[in-house]
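Working notes for the structure below.
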Amino acid sequence: MLINIFKLYLVTFVPIFLAVDIIGTVPIYLGMTENLSNKQKKRLLAESILTATLLAVIFGLLGKLILRGLGITIDDFRIAGGILLFIISVYLLLPGKSREFTSQSLYEDIGICPLATPLITGPAVLVTTMMLLDAFGALITMTSLILNMLLAWLVLRFSDVLITILGKSGIKAISKISYIFLAAIGVMIVRLGIAGFIYSLK
């Protein structure tokens, strides 16, 4: 009995974990928060994880109704999110813009976009959550979702360990590379959205 329950949680936990891809978010997070104090980082992380969790829960439960009511498809959501990621990444690659973007006046916005969404809770997480809810029910799916968000918080909370290993110069180099990957992720999400749209027309 316990083994079967464990399997159910594992089957729902793993897809959400892969959709969140928190390991891939670490270098982007480090790059965006390199100019913030520890207090600002803790507050930013708490707000972004809370926002990402609430967004995933609300969208998972009401997503189909919301999208149907607005006439928006998942592919529309992907294209919009991908374009937004691409614009942000290009801006961050410009000389001096990384520091400007993470200044005192703007750092709170980072927690909502792009960290909470679409990086932590993006289209993949939203779609995966809706599918798992249909297949396994609310209790198992939401428990797995919350466990994934706690894991995401832990990974990002202690990602500063990399700073002591790589140093500030290493983190800056990684952050620039990560912004290029962020742009690529944006293009990929747009591509998936366009491909899904074309497939729906067939």
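The values are calculated or read from the model by the stated rules, or taken from the named source; none is laboratory data. From a predicted model like this one, the values you see are computed outputs, not experimental measurements. All Cβ positions, even for glycine, are placed from backbone atoms using ideal geometry, and neighbour counts span all protein chains on display.
Could you check, for the range 132-150, whether at least one of its residues is part of a helix (DSSP H, G or I), at pLDDT below 80 and either acidic (Asp, Glu) or in contact with a Lys or Arg (Cβ under 7 Å, 6 or more places away or on another chain) (or both)?
Checking the range 132-150: at least one residue is part of a helix (DSSP H, G or I), at pLDDT below 80 and either acidic (Asp, Glu) or in contact with a Lys or Arg (Cβ under 7 Å, 6 or more places away or on another chain) (or both).
If you go through the range 184-202 one residue at a time, how many are loosely packed, with under 13 Cβ neighbours inside 10 Å and either at pLDDT 80 or above or in a helix (DSSP H, G or I) (or both)?
Residues that pass the stated criteria total 5.
Would you tally the residues in the range 18-60 being farther than 17 Å from Ser144 by Cα, within 15 Å of the chain's Cα centre (by Cα) and among the polar types (S, T, N, Q)?
2
What residue, among those in the range 163-178 that are within 22 Å of the chain's Cα centre (by Cα) and modelled with pLDDT under 70, is surrounded by the most Cβ atoms within 10 Å (Cβ to Cβ)?
Ser178
Name the single residue that is modelled with the lowest pLDDT among those in the range 151-162 being surrounded by 13 or more Cβ atoms within 10 Å (Cβ to Cβ) and part of a helix (DSSP H, G or I).
This residue is Leu162.
Residues that are modelled with pLDDT under 80, farther than 23 Å from Ile189 by Cβ and of a type in the set (Lys, Arg): find the helices (runs of 4 or more DSSP H) completely inside the range 1-110 holding 1 or more of those.
Where helices (runs of 4 or more DSSP H) fall fully within the range 1-110 and carry at least 1 residues being modelled with pLDDT under 80, farther than 23 Å from Ile189 by Cβ and of a type in the set (Lys, Arg), they are 97-101.
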